[in-house]
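The values are calculated or read from the model by the stated rules, or taken from the named source; none is laboratory data. This is a predicted model, so every value here is computed, not measured. Quick reminder, even Gly has a Cβ in these numbers, built from the backbone with ideal geometry, and neighbours come from all protein chains shown. Each accessible area value is taken on the protein alone, full model and side chains, heavy atoms only, with ligands, DNA and RNA left out. Shrake-Rupley method; radii C 1.70, N 1.55, O 1.52, S 1.80 Å.
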Amino acid sequence: QTESHLRVTGAGKIDVVRTDEIAYCKSAGDYVEICLKDGREILHSGSLAQLKKDLPTTFLRVHRSYLVNTNFIQSLTRENSGVGQLLLTTNSEIPVSRRIMPIVRDALS
């Protein structure tokens with residue numbers, strides 16, 4: 001996969017999306033919401049774990065339900081409880097679980 005595209009299957013059709021346009025992916029039951037930088041959302045029938053394998057290494061699992069494209073990360077805030085919050089350049093806020101926080105911090109440094 002040199003030119004990085006992802007085949008998104010859902011709702012009876014297949015979309016081909018450039019991976020550099022994906023800001024983050026959010027697990028939603030049996031589906032994954034793929035959120036693009038322009039604000040569009042595409043439903044993908046599949047698991048976050050499978051997506052993680054299909055996406056480039058710029059994607060980081062930051063939470064049980066979230067996979068984030070690190071190219072869109074603007075800032076990382078850590079709360080006293082140990083959980084974190086990522087702010088993306090798309091103005092989306094993504095939770096970071098306490099367990100994964102150190103990995104996310106390392107990835108950003």
Mind checking which pairs have a first residue in the range 60-77 that is more than 10 Å from Ile100 (Cβ to Cβ) and a second that is in a strand (DSSP E or B) and of a type in the set (Gly, Ala, Ser), Cβ under 6 Å, 6 or more apart or different chains?
Ser65/Ser27; Asn69/Ala23; Phe72/Ala23; Leu76/Gly84
Give the number of residues within the range 28-46 that are in contact with a strand residue (DSSP E or B) (Cβ under 7 Å, 6 or more places away or on another chain) and open to solvent by 40 Å² or more (accessible area, probe 1.4 Å).
7
Would you pick out the residues in the range 92-109 that are open to solvent by 70 Å² or more (accessible area, probe 1.4 Å) and under 15 Å from Ala23 (Cβ atoms)?
Glu93
Sole exception among (1) surrounded by fewer than 18 Cβ atoms within 10 Å (Cβ to Cβ); (2) under 17 Å from Thr9 (Cα atoms) for Leu51, by number:
(1)
Does the range 18-27 include one or more residues that are at pLDDT 95 or above, among the charged types (D, E, K, R) and crowded, with 18+ Cβ neighbours inside 10 Å?
yes
Looking at this structure, is Val68 in contact with a helix residue (DSSP H, G or I) (Cβ under 8 Å, 6 or more places away or on another chain), closer than 25 Å to Arg105 by Cβ and either at pLDDT 95 or above or not in a strand (DSSP E or B) (or both)?
no
Among the residues of the range 72-91, is any open to solvent by 50 Å² or more (accessible area, probe 1.4 Å), among the small types (Gly, Ala, Ser) and part of a loop (DSSP other than H, G, I, E, B)?
yes
What tally of residues in the range 19-51 results from selecting those that are touching a Ser or Thr at 6+ places or on another chain (Cβ under 7 Å) and among the charged types (D, E, K, R)?
4
